[in-house]
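Visitor: I have a structure here, written as structure tokens, and I will follow up with some questions on it.
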Amino acid sequence: MALAPLGAVAATNTGRSGVWILAQASADPKCVRCWHRRPDVGSDARHPLLCARCVGNIEGPGERRKFV
């Protein structure tokens with residue numbers, strides 16, 4: 001049996017052993033538009049408070065969406 005990462009808890013009802021869950025806060029900055037914490041916030045000098053995904057949505061063609 002694998003050792004658990006420090007602070008992790010064993011996952012239950014997975015049908016497998018050795019599955020662990022570890023949750024921790026992100027250190028990445030938050031995009032002011034979508035509120036996602038992403039490492040690419042501020043990567044575009046024209047939009048220093050936005051993530052690259054949001055910049056693409058307001059400056060470019062946007063995301064391709066699939067509706068089912």
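The values are calculated or read from the model by the stated rules, or taken from the named source; none is laboratory data. Because the structure is predicted, anything quoted here is derived from the model rather than measured. Cβ: placed from backbone, ideal geometry, glycine included. Neighbour counts: every protein chain shown. Note: areas computed on protein heavy atoms with side chains; ligands, DNA, RNA excluded. Shrake-Rupley method; radii C 1.70, N 1.55, O 1.52, S 1.80 Å.
Visitor: Treating only the Cβ atoms of Lys and Arg (+1) and Asp and Glu (-1) as charged, compute the dipole magnitude of the chain about its Cα centre; round to the nearest 20 debye. Spell out each step's value before the answer.
Guide: Values: 10 positive and 5 negative charges, 47 e Å.
Dipole size: approximately 220 debye.
Visitor: I've got another one for you. At 7 Å along the Cα-to-beta-carbon direction for both CYS34 and ILE58, put a label point, then send me their distance in nm to one decimal.
Guide: About 1.3 nm separates the two model spin labels.
Visitor: How large is the accessible surface per residue of the chain, computed with a 1.4 Å probe and reported in Å² as a whole number? Before the final figure, lay out the partial values.
Guide: Working: 5770 Å² over 68 residues.
For the chain, the solvent-accessible area averages 85 Å² per residue.
Visitor: Averaging sequence separations of C-alpha pairs under 8 Å and six or more residues apart, then dividing by the length of the chain, give the relative contact order as a whole percent. Could you put the intermediate results ahead of the total?
Guide: Values: 71 pairs, mean separation 11.3, N = 68.
Once divided by the residue count of the chain, the mean separation gives 17 percent.
Visitor: Ignoring any ligand, DNA or RNA, what whole percent of the accessible area of the chain comes from carbon and sulfur when the probe is 1.4 angstrom?
Guide: Exposed carbon and sulfur together represent 56 percent of the surface.
Visitor: Considering the dipole of the chain built from charges on the beta carbon (Lys and Arg +1, Asp and Glu -1) around the Cα centre, which of VAL68, PRO39, LEU49 is farthest to its positive end?
Guide: Towards the positive end, the residue furthest out is VAL68.
Visitor: Separation between the ASP44 and LEU6 pseudo-spin-labels, each 7 Å from Cα along Cα→Cβ, expressed in nm?
Guide: 3.9
Visitor: Express the Stokes-Einstein translational diffusion coefficient of the chain in µm² s⁻¹, to the nearest whole number, given a Kirkwood radius over alpha-carbon pairs, 37 °C and a viscosity of 0.692 mPa s.
Guide: Answer from the Stokes-Einstein relation: 218 µm²/s.
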